Each structure stands twice: as C-alpha cells, then as structure tokens.
1. So, of the residues in region 209-230 that are small (Gly, Ala, Ser), assigned to a loop (DSSP other than H, G, I, E, B) and within 39 Å of the chain's Cα centre (by Cα), which turns out to be farthest from Tyr151 (Cα to Cα)?
2. Take the residues of region 238-257 that are surrounded by fewer than 24 Cβ atoms within 10 Å (Cβ to Cβ) and of a type in the set (Lys, Arg): which is farthest from Lys392 (Cα to Cα)?
3. Quick check on region 178-234: of everything there that is hydroxyl-bearing (Ser, Thr, Tyr) and touching a helix residue (DSSP H, G or I) at 6+ places or on another chain (Cβ under 7 Å), which residue is surrounded by the most Cβ atoms within 10 Å (Cβ to Cβ)?
4. Just to be sure before I move on: is Tyr353 in contact with an Asp or Glu (Cβ under 9 Å, 6 or more places away or on another chain) and open to solvent by 40 Å² or more (accessible area, probe 1.4 Å) in the structure I sent?
5. Please verify whether region 266-288 includes one or more residues that are among the aliphatic types (A, V, I, L, M), closer than 24 Å to Ser186 by Cβ, part of a helix (DSSP H, G or I) and open to solvent by less than 10 Å² (accessible area, probe 1.4 Å).
6. Yes or no: region 338-345 includes at least one residue that is touching a residue at least 60 places away in the same chain (Cβ under 8 Å), touching a Lys or Arg at 6+ places or on another chain (Cβ under 8 Å) and open to solvent by 10 Å² or more (accessible area, probe 1.4 Å).
7. Could you check region 289-326 and list, in sequence order, the residues that are under 15 Å from Gly83 (Cα atoms) and part of a loop (DSSP other than H, G, I, E, B)?
8. From Asp111, Asp104, grab the single residue that is more than 19 Å from His31 (Cβ to Cβ) and either assigned to a loop (DSSP other than H, G, I, E, B) or open to solvent by 10 Å² or more (accessible area, probe 1.4 Å) (or both).
Amino acid sequence: ATERATQSTSPPSTDFLTSNSLSTIQSLERHLFSPKVQNEMERIFQSRVEYDGKLHTFPSFKYTFQGFWRNWKRMMKDGIPTGSSGVGSGGVGGEGKFVLFAGDENERIVDVTRDPRNPHHAKIPITVFGYEYGLANMAAFLSQVMVDGIYDDACDESNEQAMLDRGGNPTNSFPMSNACGQYNSSYADMTCPPSEKNMECPPLSPQKTIEASFSTGKTGLKCGPTSIYPSARNQKNDKGRTDVEGCCWWGRGPLHTKGLCSMGKVNYYMGVKAFNEGRITLNTPGVFPDIDFCDTPEAVCLTTDEDRMWSVAMFEWAERIQQYRSADGSSIWNYKEKLADFVNGGMNMFEYYSDEVDTDRDNSFIHAVSSIVDRGCHNAPHCFYSGGPVNKLPLRRIAFTVALSALNIPTMRTELVVEQALDHLKSKQDRIEKNLLLYKTKQGIFPSQRYKFDDLFDALYRFSRPYDATDTSYPTNITYFYSPDHPPLYMGNPYMKHGHKYG
C-alpha cells in the first residue's frame, strides 16, 4: 500500500497535471501493470478486418502495449525539448519541454453524484488519486489511436470516403483525390497561425510521388504529378479536387498526424530542423535528427520501428491536444481544465448509474477531444479548416469507454460497486425476509430467528471490502475478515454498466 499524501479539496490550478515526479510515474506504472489491468489491455490493441461478411479481430502487429508504454513513459519523464523555458507544457515538470501528463502525488476528496441525470441525487465524497488524471489523459489518447491506427493495424490513413450517388448513398467508388483531403478537409490548407509560421512545412513539389499500401483490404492513398496519376474528372473529393499533385499530407501514425502545420512542428521539434537549430542533439531521446519530415512526410511510416510512429503521435498529443485552449463566444474551452473536471466528476458516472443517457451532454468531454483531434477545434462542425462533423465519432466514444474500463479507472468504482450492490440488496429486504430467511416446522413456515437480514448485510459489508484501519466508515464493533492471501468477496464488475448484478 502506498502512503497517503496531502489531501486537498480541489487543485488550485492545472499545473499539477505536469508535476510528473518519479514517484507519481511509479504509482501510475504500478496501477498499469497490476494483474487486473494487464488482463484487460489486449482489448485496446486489437485490430480488425472484415471478410466473409463478418468483422474479425486479431492482435495488432504494428502497435503493441510494450511499444506504447515504452514511449509514453519516456514522454512523461523526458518529453521533447522546446529550446525555450517559456514554451512547453507548463508546470514544474513541463518547463521548456512538451510532456505527457502524469498528475501528482496528492489524493483529492471530491463530491460526485452517482446519477448525473438526476439533479436530486445526493452527492457522495470520493477519493481521486493524483495519477488518475494521467490515466484519464492516457485513455483519451488511446481512444483516438484505437480508431485512427490500431483498428486498421496501419500507419497511413486509408482511402475510405466513398463517392455518393444521386440519391446521396455511398457507392463503391473512392476518389483518388481523397489524398488531398477527406471528409470536407484540405490537408495542404492546414497551415499554422501567423505566430507559428516559421514551424510550418513548405508545399511539396508537384513531382513528389508517394504511394501507401494497405494490408487489411483497404485502399492506400497516393500523390504525384498528373503525368503519373492523370486527373479523374468524374471523381472529385469533397473539395472538388480530381488530381493528387502535392497531395502528400494525409494522416500518418496512430494519431493520423496530417497537414503542413502539424508535420512542420514534428520537424521543428523532433526532426532535422530541430537538430540544425540546436533544440535537440544526437543524444536526445525520442527524436529523429536525421529525418526531414517536411521533405519526406512518408518517413513516419517507412519503418518497422513502432517507436517512431508512437513518438510522432505522442508529441502531437502533448503539443496540440494537451495545450488546446480556445475561446468560444463568452466561454473558453481548455483541455487541461476539462480533463480535471472530467476526473473530478467521476469519469462517465452516467455509464454505470443513469437509466437514460443524453449522448451529447454526457459524452461532452470525449466528443470535444475527438473534435480537436479530427477536425482541429472542440466544437465541430464549426471548425475553420474542416467544416464537417467528427469522423467516426460513435467509434471514438465507444473506444473511450473501453479504454477507461481496461485501465480500471476511476479507481473509486471498486468501492462504489460494493455500495451499489448493497443498496440493491437493501431495497429487496422485505422480499428476502418473506421468501428466503425462513425455517420450516410441522406447524408451518416462520421467519428465521437465527439468520437475520441485518446480520447478512453486515457480513457482506465486511467480507466485500479489504479492511482499512484508516477508513472511518468501517464500524469498529465487528470483527473483520482479513487475509493477505485471499481477495474480498466478489460483488460485481466495477467497470461494466449494471456490473453490481454480477455480485
């Protein structure tokens, strides 16, 4: 058991997200490598292929848990240097570098309601461990890379937007010019704001030729001059393109890093430009000083080394997603603040307790994060570069639920599922006493005088939770079952809707 750190009612700011002390990272690692979590991780790294009219799954060949964790841990500890103390993730652990959030060592007591759909539902205090903020950030990242990279077991974005017939129905025709942009996007127009123009990649030569291949039955994208790939006048993408000259900026890596700005930042902070301008050295971990990602964006995928693919994706998450802050009318959407609010609110409590779910409202956090990743702003379809809706939003939402469940967060669910099961039992007390706690004699059936409901309830209460001498909620007038060699009585699956029914 780890010692309790200082408790506080709420974090004074979001700087604690980048505290990233060695002890915090170790706490996160212990949780991640616990048997319960490790038994679930294969659910995340499962690829998919459809044949014979059925969807089949298989362990990803390209993306592994070991490769993911190796790079995620490095990005929490070392990050990517920015060359300036004023640029980076901020906070104690993020000065002068972009790091992935790990959280801190504190435990926080926050009040949550079991049913966000019911405004009259009483709130209960829960404990949130500091590293759970880091795990929630990890779950959000995994939900996006599951959909963009792992499911297809691919590094390159595939040609997947079909043309529509006159009735608005998808056909079996996929325009070659989707390489220039799919779903109402134009990748070559994804440029940097004026303050970051020096980081942006210049347009590629029209003669640049790249052809991506796919191994799971989908079609790869390609770019090149019309002398090699003639324009297909009857096949236009959403932006009206029929050729693929200079259209080499499609998504690459598990997060589908795309466009002149995002790829330019990869080169500016991790590639040859970072090395030439002194931001990195040959010994900087997780960077590629010999690669010009602007001249050869395909280099992200031209490797069997998954470290390069993970590094590019995690850098983009740390630089673009974690740092996201946008004014929206009178309100401001700040990723750091929304992440903290999400964790402090119990992380998708409605998934476990609400009978009715308002899909947009209840999933507002992951919907906004998916919008930032896929469209560039938090409130698609009102984004500047990509005016369409979020691509594959239902899949991203489901993947987030899977990631949270596999990571066994929030940890307080292990206590709440016991309380939920006991509350359900209490609501059935009358029926249990009248139908089960009975004894037979020749004179008839009578309520048992030996086996009482309250005794049953107290016994279940004691045996279903490990004894904690520091927990004042444990009654002191009863003897506790305690064995370091045996788990408590099973009271249900904490990370499944209605999971208490198994208990």
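The values are calculated or read from the model by the stated rules, or taken from the named source; none is laboratory data. In this text, all values refer to a predicted model and were calculated from it rather than measured experimentally. For neighbour counting, all protein chains shown are included, and Cβ atoms are generated from backbone atoms with ideal geometry for every residue, glycine included. Please note that ligands, DNA and RNA were not included when accessible areas were found on the heavy atoms of the full protein model with its side chains. Shrake-Rupley method; radii C 1.70, N 1.55, O 1.52, S 1.80 Å.
1. For region 209-230, the residue satisfying everything is Gly224.
2. In this case the residue turns out to be Arg241.
3. Among them, the one singled out is Tyr187.
4. On the way: in contact with an Asp or Glu (Cβ under 9 Å, 6 or more places away or on another chain): yes; open to solvent by 40 Å² or more (accessible area, probe 1.4 Å): no.
Criteria not met by Tyr353.
5. The answer is yes; a qualifying residue exists.
6. We begin by selecting, within region 338-345, every residue touching a residue at least 60 places away in the same chain (Cβ under 8 Å); these are 339-340, 342-345.
After this cut, where a residue has to be touching a Lys or Arg at 6+ places or on another chain (Cβ under 8 Å) as well, the list is 344.
Remaining after also requiring open to solvent by 10 Å² or more (accessible area, probe 1.4 Å): 344.
Yes - at least one qualifying residue is present in region 338-345.
7. Pro289 - this is the single residue of region 289-326 that is under 15 Å from Gly83 (Cα atoms) and part of a loop (DSSP other than H, G, I, E, B).
8. It is Asp111.
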